[in-house]
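The structure appears below as structure tokens.
We did not get these values from a lab; they are worked out from the coordinates using the rules stated. Quantities reported herein were computed from a predicted structural model and do not represent experimental measurements. Here the Cβ positions follow ideal geometry from the backbone for every residue, glycine too, while neighbour counts run over all protein chains shown.
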Amino acid sequence: MIKAHHKKIWELFFVLYAKFHLRSLFKEILFRDMSVEPASNLKQGDALSAGKSVILISNHFSFWDGFIHIIMNRALFRRKIHIMMLYEQLIKHKFLRYGGTFSIDKGRKGVVESLKYSCEILKDFNNMLLIFPQGKIQSIYTFPFRFEKGVEHIISHSKDVDIYFNINLLDFFSDKKPTLTMYYKHYISNNFKIEEIEQAYNLFSQHCMENERGEPKR
């Protein structure tokens, strides 16, 4: 497998690259906390949890997902981000490993190695692991979500971690560029079976989609 190999100069490059291109793609990016009613915009540092590593479970809908989450991480989590990517994709862009991307191979041996590596990452509370549980890019309109089995293994074998759900949705309304809303919720449960996590994520996603159909954001 290809392991992440963070380098500060590359991390800075990815942040600047993300800010530049995302500014041209979106009117704005909003972070919306769905842990409270009504949903509220998150402020910098609101999601910070001292002494725990972070698992962020998110929908995978575009090439830009990793860059979007780099910005989210800097604004809210302030962790060293790690992103799981299919081996055949990462081998074409190996420089991404310097920003925290590592590979997973769908072969049995490759999967076991990558899952073990993921659990090692989460032993350090300074780290965050971004997981796209669908295992591949799908339409932003995908629903319900179906999770790969690896999610259950990582969560059940990791101690003292904070788990967060995230779904990213787009709306143009009357603007030329869409607003990207990164909906977000702290997941708390003692049941780490894949069926339970998948069901909870789908309920969260449904709630976010209903919220998105409300009034245009200001």
Residue by residue through segment 62-78, note down the ones that are touching a Leu at 6+ places or on another chain (Cβ under 9 Å) and of a type outside the set (A, V, I, L, M).
Trp64, Asp65, Gly66, Phe67, His69, Asn73, Phe77, Arg78
Any chance you could count how many residues in segment 78-88 are touching a helix residue (DSSP H, G or I) at 6+ places or on another chain (Cβ under 9 Å) and either more than 16 Å from Leu12 (Cβ to Cβ) or not aliphatic (A, V, I, L, M) (or both)?
7
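Restricting to segment 182-214, and then to whatever is free of Cβ contacts under 8 Å to residues at least 40 places away in the same chain, assigned to a loop (DSSP other than H, G, I, E, B) and not basic (Lys, Arg), can you tell me which residue is nearest to Asp162 (Cα to Cα)? Spell out the reasoning first.
Taking segment 182-214 first, the residues free of Cβ contacts under 8 Å to residues at least 40 places away in the same chain are 188-191, 195-196, 199-200, 203, 210, 213-214.
Okay, now just the ones that are also assigned to a loop (DSSP other than H, G, I, E, B), so 188-191, 213-214.
Applying the additional criterion that residues be not basic (Lys, Arg) yields 188-191, 214.
On the way: Ile188: 8, Ser189: 11, Asn190: 12, Asn191: 14, Gly214: 29 Å.
Within segment 182-214, the match that is nearest to Asp162 (Cα to Cα) is Ile188.
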Pairs where the first residue, in segment 97-116, is at positive phi and the second is part of a strand (DSSP E or B), C-beta under 6 Å, 6+ apart:
Gly100/Ile81; Gly100/His82; Gly100/Ile83
Boolean, Phe173 is touching a residue at least 12 places away in the same chain (Cβ under 8 Å), of a type in the set (Phe, Trp, Tyr), in a loop (DSSP other than H, G, I, E, B) and surrounded by 14 or more Cβ atoms within 10 Å (Cβ to Cβ):
no
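Mind telling me which of the residues Lys92, Lys116, Lys123, Lys109 ends up being farther than 17 Å from His153 by Cβ and either surrounded by fewer than 22 Cβ atoms within 10 Å (Cβ to Cβ) or polar (S, T, N, Q) (or both)?
Numbers: Lys116 fails: farther than 17 Å from His153 by Cβ; Lys123 fails: farther than 17 Å from His153 by Cβ; Lys109 fails: farther than 17 Å from His153 by Cβ.
That would be Lys92, the only listed residue that is farther than 17 Å from His153 by Cβ and either surrounded by fewer than 22 Cβ atoms within 10 Å (Cβ to Cβ) or polar (S, T, N, Q) (or both).
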